[in-house]
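Student: Just dropping this structure here.
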Amino acid sequence: MPSAVLALLFLAATAVSLGASAVLVARLERICAWLGLSAALLGLVAALAADAPEITSAVTALARGQQQIGTGVILGSNVFNLAALIGLGAVTAGGIALHRRSVLLEGGLALWMAAVTLAAVTSAITPALALALALAALLPYVYISAAHPSARARVPAPDRLRSWLAGAISEEEQELSGLIPDRPGGRRDLGAAALALAAVVAASVVMEQAATTVGTRLAIPDVITGAIVLAAVTSLPNAVAAIYLARRGRAAATLSEAMNSNTLNVLAGLLIPAVIIGNAGLGAGLRTAIWYAALTLGVVAIALAGRGVSRRSGLLVIYAYAVFVITVVVTAIASA
């Protein structure tokens, strides 16, 4: 198939993937409201749905033995998320103000996941141990997010920690509450969500294969195809959602969207496939993993120091992403 046709196929698949992702998120939100799930858990489900394109593209690449592309999509997407969701979100909204405990909760989990990822990529720990460590931090977070507000008072933890966690989750839920659909979904939404998910998966597979084929023909290094092109394109649903939240003053929800997206990316798109497939060539993403960990640390530090992210700090995060892109391109070309 000619490269021009593949390029058009890539663009068409991208449009289908983004559109289907939007439908999937909307339908899942209605299903969560129908099931009476908490607003915090709804946010997690929505983040996972929006992550479907990058996770599918990464798993497809890893299953085909394309480690640079597979790891690049996930880790590059996480770097892009920090720049687009936090950096661009702060710039377009004129800054986002954050409560300290929201930053500590979301940022603490994000830093733990980044550290675990870096340890796995450098082979300091096995993928299985990395997955266990990731779940050890994520599952308690999911548990308290899923619990009804009244049930959080009975979470098995010291009184001060239990109160602190309940307050941090409550702050996020207050911001998300206005975004929950007024009319709960039903069985029709289950069918629509299943069709949307199938469309996202199929379109993401086509995107990955088209981009890989064109990249190979044009001698574009795999790390550029994965960590920059596919990572940015597949992350657009999250970016649009976060900018929307930031412009409406939903600071905690914006931070949660970015950090939860990155956490779920690593879990479903990197660690689980690495355990199933084997090591899955995680070492191929070392440079990108370092950038992901460093930028996560930088964003959390900025948010803590300034009780949020100002427009100037948002620009700094975007500049850092630009340096990341330049570094990846120059290094890849020099190594070719």
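Student: Sort out which residues of the range 301-330 are open to solvent by 40 Å² or more (accessible area, probe 1.4 Å), in a helix (DSSP H, G or I), touching a residue at least 60 places away in the same chain (Cβ under 8 Å) and not hydrophobic (A, V, I, L, M, F, W, C), and write them in order of number.
Tutor: Passing the criteria: only R311.
Student: Quick one: count up the residues across the range 14-27 that are farther than 10 Å from A203 by Cα, crowded, with 23+ Cβ neighbours inside 10 Å and within 17 Å of the chain's Cα centre (by Cα).
Tutor: 2
Student: Look through A334, A231 and report the one residue that is part of a helix (DSSP H, G or I), modelled with pLDDT under 90 and over 18 Å from A84 (Cβ atoms).
Tutor: A334
Student: Which one of the conditions (1) open to solvent by 10 Å² or more (accessible area, probe 1.4 Å); (2) in contact with a helix residue (DSSP H, G or I) (Cβ under 9 Å, 6 or more places away or on another chain); (3) under 24 Å from S256 (Cβ atoms) does A128 fail to meet, given that it meets all the rest?
Tutor: Failing condition for A128: (3).
Student: Just to be sure before I move on: is A134 within 17 Å of the chain's Cα centre (by Cα), under 22 Å from L295 (Cβ atoms), open to solvent by less than 60 Å² (accessible area, probe 1.4 Å) and modelled with pLDDT of 85 or more in the structure I sent?
Tutor: yes
The values are calculated or read from the model by the stated rules, or taken from the named source; none is laboratory data. These numbers were taken from a predicted model, which means no experiment stands behind them. Methodologically, a virtual Cβ is constructed for each residue, glycine included, from the backbone with ideal geometry; neighbour enumeration extends over all protein chains shown. The area values use the complete protein model at the heavy-atom level, side chains included, leaving out ligands, DNA and RNA. Shrake-Rupley method; radii C 1.70, N 1.55, O 1.52, S 1.80 Å.
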